[in-house]
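Data block below; observations after.
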Amino acid sequence: MPDPQSSGEKEVDAIPETLPVLPLSDAILFPKMVLPLIVLEETSIQLIDDAMAGNRIVGLLASKQQGESQGYPRAEDLVPMGTSALILKMAKTRDNKAQLLVQGLKRFKTQSFVRGKPYLQAKVKHIEEVEEKDQEIEAMMNNLVGLFARIVELAPGLPQEMVQMAQSIKDAGTLADMIISTINSSIEEKQRILENTNVRERLKDASRITNRQLEIIELGNKIQQQVKGDLD
C-alpha cells in the first residue's frame, strides 16, 4: 500500500545510477508502495547486508521465470524494467533468512549490468513521472476508484479503508499503481502496468484489469449463491 509520508520519499533525489539487483519472484513493487519480502538465497543475503551498510537502496527486477527460485538468477533471466526501493526495515532469522520491508522509489530501465560483486549490479535510467490532468483523466480516475470500491465491498480480506486511501490519491499514475498492486491481478498484469510510463494508457489498462477482476468476483459470488440455494 502507499505510504507517501515515510522516509522513502526523502531519499528519492539521492538514488544512484548503479543499483545492486535484488530479484523478485512472484511479486512486483510499484513506486510509493510498501512490500514485505523474505530473502532466502545466499547471494541476495550478501546484497542486503551490503545495502544496509550503505544507502539501503536496491533495484528490484522481476524474474522471467516466476515460481520457486533456483538460486540467484543470471542477467538474461530478469526483465529490464524495475523499481528502485529503500529498505525500511530488515531482520535476520536464526537460519540466516532476511525479512525486509521495502518502499518503492522510482521506476527504472536497465541500461547494462556491472560485474565486480557476487550479485548483479545494474546501470539504470530512472523514469521521471510526467503527471497529466484533464477531464478524461479525472473521469477515468473516478471510474477506477468506483470499480475498486465495488471489489473491496465484495472481496473478503480487503478493508474499507483501502477505498478511502484510493480516493485520497490525486496523482493518476499512483492511483493506477496502488489499485493494481492491491487487487488480485497477475504478475504479468502488474509488470505490464509497471512498464507503462504513459499515465493515460496506464489508467486505461488498470481500468480494464480492475473491471475484469470485478467481473470474476461477481461471477464467483453468483455461483456461490446458486450452490447455497441448491443446498438449501
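Observations on the structure shown:
- Within the range 202-232, tally of residues that are closer than 27 Å to residue 23 by Cα and either surrounded by fewer than 12 Cβ atoms within 10 Å (Cβ to Cβ) or among the hydroxyl-bearing types (Ser, Thr, Tyr) (or both): 1
- Of the strands (runs of 3 or more DSSP E) that lie entirely inside the range 54-126, those containing 3 or more residues that are in contact with a Pro (Cβ under 8 Å, 6 or more places away or on another chain) span 57-62, 98-114.
- Subset tally (residues that are under 13 Å from residue 32 (Cβ atoms), assigned to a loop (DSSP other than H, G, I, E, B) and touching a helix residue (DSSP H, G or I) at 6+ places or on another chain (Cβ under 7 Å)) for the range 159-174: 1
- Scope the range 156-176; condition open to solvent by less than 30 Å² (accessible area, probe 1.4 Å) and over 19 Å from residue 214 (Cα atoms); matching residues: 169, 172, 173, 174
- The number of residues in the range 123-137 being surrounded by fewer than 11 Cβ atoms within 10 Å (Cβ to Cβ) and among the charged types (D, E, K, R) comes to 2.
- Cross-chain or 6+ apart pairs with Cβ under 6 Å, the range 207-224 first and at negative phi and assigned to a helix (DSSP H, G or I), then of a type in the set (Gly, Ala, Ser) and at pLDDT below 95: 209/185; 217/155
- None of 89, 109 is closer than 30 Å to residue 175 by Cα and surrounded by fewer than 13 Cβ atoms within 10 Å (Cβ to Cβ) except 89.
- Some residue of the range 138-155 being open to solvent by 60 Å² or more (accessible area, probe 1.4 Å) and part of a loop (DSSP other than H, G, I, E, B): no
- The set of residues from the range 128-137 being more than 10 Å from residue 200 (Cβ to Cβ) and outside any helix (DSSP H, G or I) comprises 128, 129, 130, 131, 133.
- Filtered residue count, the range 13-37, keeping only those that are open to solvent by 60 Å² or more (accessible area, probe 1.4 Å) and within 15 Å of the chain's Cα centre (by Cα): 3
The values are calculated or read from the model by the stated rules, or taken from the named source; none is laboratory data. No experiment lies behind these values; they were computed from the predicted model shown. As a convention, Cβ positions derive from the backbone with ideal geometry for all residues, glycine included, and neighbour counts pool all protein chains shown. The area values use the complete protein model at the heavy-atom level, side chains included, leaving out ligands, DNA and RNA. Shrake-Rupley method; radii C 1.70, N 1.55, O 1.52, S 1.80 Å.
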